[in-house]
Amino acid sequence: MHVLRQLFRGQRSPADAVLHLYVRCSHCGAAVHVRVQLMHDLAVEFGAREEVTGYYVRKELLDDRCCRLMYADLHFDRNRRERTRTMEGGTFIDQVEFERLNSAPKRVV
């Protein structure tokens, strides 16, 4: 009965864990937002003895201005906590900067 109450109450589980990435294109300056589903999007990294050592995801991002691909590479530990992130073709920004860039008037490229 307890399980049914939780199910119908709509409680969120750890499976709903999401990482929001905000990126600015290095070519045109467009801001892009993408979600990483931590329980579904990550690939497993294995060690020498086939034990799980962490997780990895490579996200391809495309803005709506110059349409150049950007690549975000993120590595996570065994508990799905972010360890490192790198970016090709853009730079990581925070949510405040993303909202500022998207509220500014659009310039024609």
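Residue-wise test of (1) surrounded by 13 or more Cβ atoms within 10 Å (Cβ to Cβ); (2) in contact (Cβ under 8 Å) with a residue 60 or more places away in the chain; (3) on the phi < 0 side of the Ramachandran plot.
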{"residue": "Gly29", "(1), (2), (3)": "yes, yes, no"}
{"residue": "His33", "(1), (2), (3)": "yes, yes, yes"}
{"residue": "Val36", "(1), (2), (3)": "yes, no, yes"}
{"residue": "Glu45", "(1), (2), (3)": "yes, no, yes"}
{"residue": "Leu61", "(1), (2), (3)": "yes, no, yes"}
{"residue": "Arg68", "(1), (2), (3)": "yes, no, yes"}
{"residue": "His75", "(1), (2), (3)": "yes, no, yes"}
{"residue": "Asn79", "(1), (2), (3)": "no, no, yes"}
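Considering region 47-59, and only residues there that are open to solvent by 80 Å² or more (accessible area, probe 1.4 Å) and not small (Gly, Ala, Ser), the residue that is nearest to Thr86 (Cα to Cα) turns out to be Arg58. Tallying residues that are in a strand (DSSP E or B) and in contact with a His (Cβ under 9 Å, 6 or more places away or on another chain) within region 15-48 yields 9. Being surrounded by 15 or more Cβ atoms within 10 Å (Cβ to Cβ) and either of a type in the set (Phe, Trp, Tyr) or modelled with pLDDT under 95 (or both) is the filter here, so list the residues in region 10-26 that pass it. Residue satisfying the conditions is Tyr22 alone.
Residues of region 71-109 that are part of a strand (DSSP E or B) and modelled with pLDDT under 95: none at all. Would you check which residues across region 49-70 are among the β-branched types (Val, Ile, Thr) and either within 26 Å of Glu99 (Cα to Cα) or part of a loop (DSSP other than H, G, I, E, B) (or both) and list them? Val57 - this is the single residue of region 49-70 that is among the β-branched types (Val, Ile, Thr) and either within 26 Å of Glu99 (Cα to Cα) or part of a loop (DSSP other than H, G, I, E, B) (or both).
The values are calculated or read from the model by the stated rules, or taken from the named source; none is laboratory data. Because the structure is predicted, anything quoted here is derived from the model rather than measured. FYI the Cβ positions are ideal-geometry reconstructions off the backbone, even for glycines, and counts take in every protein chain you see. The accessibility values were calculated without ligands, DNA or RNA, using every heavy atom of the protein model including side chains. Shrake-Rupley method; radii C 1.70, N 1.55, O 1.52, S 1.80 Å.
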